[in-house]
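The values are calculated or read from the model by the stated rules, or taken from the named source; none is laboratory data. These figures come from a predicted structure and were not determined experimentally. Quick reminder, even Gly has a Cβ in these numbers, built from the backbone with ideal geometry, and neighbours come from all protein chains shown.
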Amino acid sequence: MQKLRGCVGECWGGFVGCLVRRKQVDSNVARAEGFQLAKRLSVFDLIAIGVGATIGAGVYILVGTVAKGQTGPAITISFLIAGIAAGLSALCYAELACRCPSAGSAYHYSYLCVGEGVAWLIGWSLILEYTLGGAAVARGISPNMALFFGGQDRLPAFLARHTIFGIVVDPCAAVLVFIITGLLCTGIKESSLAQGIITTVNVVALLFVIVAGGYVGFKTQWVGYQVAGGYFPFGANGVLAGSATVFFSYVGFDAVTSTAEEVKNPQRDLPIGIGVSLFTCCVLYMLVSAVVIGLVPCSALDPDTPIASAFASYGMNWAVYIITIGAVTALCAALIGGILPQPRILMAMARDGLLPSFFSDINKHTHVPVKSTIATGIFIACLAFSMNVDQLAGMVSVGTLLAFTAVAVSILILRYTPPDFNLLQSPPPESIDVVSSEFNNYITDINRENPIDVGSGYHTQKGFLCPFVPFLPVACILVNTYLLINLGSGTWIRVSVWLAIGVLVYVFYGRKHSLLIDAVYMPIVLENEHEIDDTIS
């Protein structure tokens, strides 16, 4: 019996060791063989990717639904609060992208800082996020394109939706996904150029809404703000509820970090790309919402087409075509931003041995992971063609928020864990909770004693540094946790099923094929790291 207990304890300790093992800061060994990703992206390419991936069609719809049911005219404040909340995660992403400019984004950062188990779940969640997000975006394009043809029934037969065996199929969505997939296979520079053109058209359409709407608003004395309830008809609670809703319109800037390995000057360009992308989106959201709400009272807005209906109320029906062009290009840009990161996530996981090597292959001509891109495109196209994924939208939010939280936790670990801090070798099962508890107490104690010295003790001076650590990452974690709790039980049940499948894949494949299979533990090693600060030791 004693021998059986010892055997079980040894197996359990070995499994836990797999979950907490960490790799070096850069996977140079994994990238030593084969072709590499091409470093061809400039800061302007990153801004195009970030803005395009972030500004989807949500702004064309959310303005009406949120203003009418949650915030009233104060929706502009909700966009500002949500932008600040998203900025917390963006600052954390910016530092980690500078430290570790490799493909993989939040998965890669979690593997470096937290451990293989958490990294796998984050990578698995990101696969869910980008797959469902891409399918949902593609599915929303055909209704918008139908406006150019005078309705769904006038679309060409090979693009129109049909019902087959009770399933509404969308050929237009699948065709568009295949076109975007082919574009992404041609090369990262070509993809970013196309993204830049499409995003420019979308931004021009939004600027038209701001300028033309502002002109009409000044002529009509902004009648939308002259309502009985005032600027805050739903009070502060309504503004905060609206902020939680519109927060997800800022999701997409993390696509920039997935291309970190393809950036010419990552230490300089990645923080600029992330910051400018998020700031641009926040300003556009606030200005568009302020103008549209000023044209028409919130109660009179069409929740499905708020911007178009606001212009139509002044007899500007021709503006609907410009707005529709903006919506279609926004969806196309969001689709590029949704498909682009996933092959790089798969490639990073395959490099580490957690997925088959098929996904890590890089084409020698285009220097992009063509096989992963094609596999991603086929899967998303099948979903977009055959499923209405709107009910699964909450699952996309879970993947995003889990990644944001993992990045914030990684910042805390990088700042407060010495570079040579060793996890227990072959830790017994009961030791894991002890380590976690002692680590939490360690952070609390050193912050109380000397927070300034501690904050500067374990970080590199090269590149961007997240400010106000640990307060900013902790605030980021709290915001993300609040949003996760409010996503609903149905969403969590579906996500739990997906994560359970991921656990099985990891246990029966990833754990056994990991490049760290023979490692007992892996210390955190940072580039250009200073020695442990004397004030802490």
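Scanning segment 372-402 for residues that are within 14 Å of the chain's Cα centre (by Cα) and within 23 Å of residue 349 (Cβ to Cβ) returns 395, 396, 397, 398, 399, 400, 401, 402.
Cβ-Cβ distances below 8 Å connect the following pairs, each with a first residue in segment 285-302 that is in contact (Cβ under 8 Å) with a residue 12 or more places away in the chain and buried (at least 24 other Cβ atoms within 10 Å of the Cβ), a second residue that is in a helix (DSSP H, G or I) and of a type in the set (D, E, K, R), and a separation of six or more residues or different chains: 298/68.
Here is a yes/no grid of residues against (1) at pLDDT 95 or above; (2) at positive phi; (3) surrounded by 12 or more Cβ atoms within 10 Å (Cβ to Cβ); (4) among the polar types (S, T, N, Q):
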| site | (1), (2), (3), (4) |
| --- | --- |
| 500 | yes, no, no, no |
| 513 | no, no, yes, no |
| 518 | no, no, no, no |
| 522 | no, no, yes, no |
| 529 | no, no, yes, no |
| 532 | no, no, yes, no |
| 537 | no, no, no, yes |
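Would it be correct to say that residue 204 is out of contact with any Phe, Trp or Tyr (no Cβ under 9 Å at 6 or more places or on another chain) and either modelled with pLDDT under 90 or in a helix (DSSP H, G or I) (or both)? Criteria met by residue 204. Segment 364-460 holds helices (runs of 4 or more DSSP H) entirely within its bounds, and those carrying 1 or more residues that are modelled with pLDDT of 50 or more, on the phi < 0 side of the Ramachandran plot and of a type outside the set (Phe, Trp, Tyr) map to 370-386, 393-416.
Looking at 27, 42, just one residue is modelled with pLDDT of 90 or more, among the hydroxyl-bearing types (Ser, Thr, Tyr) and within 17 Å of residue 263 (Cβ to Cβ), and that residue is 42. Being among the β-branched types (Val, Ile, Thr) and part of a helix (DSSP H, G or I) narrows it down to one of 168, 211, so name that one. Among 168, 211, only 211 is among the β-branched types (Val, Ile, Thr) and part of a helix (DSSP H, G or I).
The set of residues in segment 214-245 that are over 30 Å from residue 487 (Cα atoms) and part of a helix (DSSP H, G or I) comprises 214, 215, 216, 217, 218, 219, 223, 224, 225. Answer yes if at least one residue in segment 77-88 is hydroxyl-bearing (Ser, Thr, Tyr) and under 24 Å from the mean Cα position of the chain (by Cα), and no otherwise. Taking every residue of segment 77-88 in turn, at least one turns out to be hydroxyl-bearing (Ser, Thr, Tyr) and under 24 Å from the mean Cα position of the chain (by Cα).
Do the conditions hold for residue 354, that is, is it assigned to a loop (DSSP other than H, G, I, E, B), of a type outside the set (Ser, Thr, Tyr) and at negative phi? Judged against the criteria, residue 354 is a match. What do you reckon, is residue 212 within 21 Å of residue 325 (Cβ to Cβ) and surrounded by fewer than 19 Cβ atoms within 10 Å (Cβ to Cβ)? Considered against the rule, which asks whether it is within 21 Å of residue 325 (Cβ to Cβ) and surrounded by fewer than 19 Cβ atoms within 10 Å (Cβ to Cβ), residue 212 comes out as yes.
Go through segment 36-68 and report how many residues are assigned to a helix (DSSP H, G or I) and either without any contact (Cβ under 8 Å) to a residue 60 or more places away in the chain or under 30 Å from residue 270 (Cβ atoms) (or both). Of the residues in that region, 16 qualify. Note on segment 136-161: residues that are touching a Pro at 6+ places or on another chain (Cβ under 9 Å) and either hydroxyl-bearing (Ser, Thr, Tyr) or modelled with pLDDT of 80 or more (or both) amount to 1. Per the listing 135, 97, the residue uniquely part of a helix (DSSP H, G or I), closer than 23 Å to residue 395 by Cβ and out of contact with any Lys or Arg (no Cβ under 9 Å at 6 or more places or on another chain) is 135. A single entry from 247, 253 fulfils the requirement of being closer than 30 Å to residue 145 by Cβ and in contact with a Leu (Cβ under 6 Å, 6 or more places away or on another chain): 253.
Could you go through segment 352-360 and let me know if any residue there is more than 24 Å from the chain's Cα centre (by Cα), surrounded by fewer than 19 Cβ atoms within 10 Å (Cβ to Cβ) and within 30 Å of residue 288 (Cβ to Cβ). No, segment 352-360 contains no residue that is more than 24 Å from the chain's Cα centre (by Cα), surrounded by fewer than 19 Cβ atoms within 10 Å (Cβ to Cβ) and within 30 Å of residue 288 (Cβ to Cβ).
Restricting 229, 242 to those that are at pLDDT below 95, surrounded by fewer than 17 Cβ atoms within 10 Å (Cβ to Cβ), within 24 Å of residue 81 (Cβ to Cβ) and touching a helix residue (DSSP H, G or I) at 6+ places or on another chain (Cβ under 9 Å) reduces the list to 229. Scanning segment 145-188 for residues being hydroxyl-bearing (Ser, Thr, Tyr) and surrounded by fewer than 19 Cβ atoms within 10 Å (Cβ to Cβ) gives a total of 2. Taking the criterion of being surrounded by 24 or more Cβ atoms within 10 Å (Cβ to Cβ) and over 22 Å from residue 204 (Cβ atoms), the residues of segment 262-284 that qualify are 262, 263, 266, 270, 271, 274. Of the residues making up segment 389-411, just one is of a type outside the set (A, V, I, L, M), over 17 Å from residue 82 (Cβ atoms) and touching a Phe, Trp or Tyr at 6+ places or on another chain (Cβ under 7 Å), namely 410.
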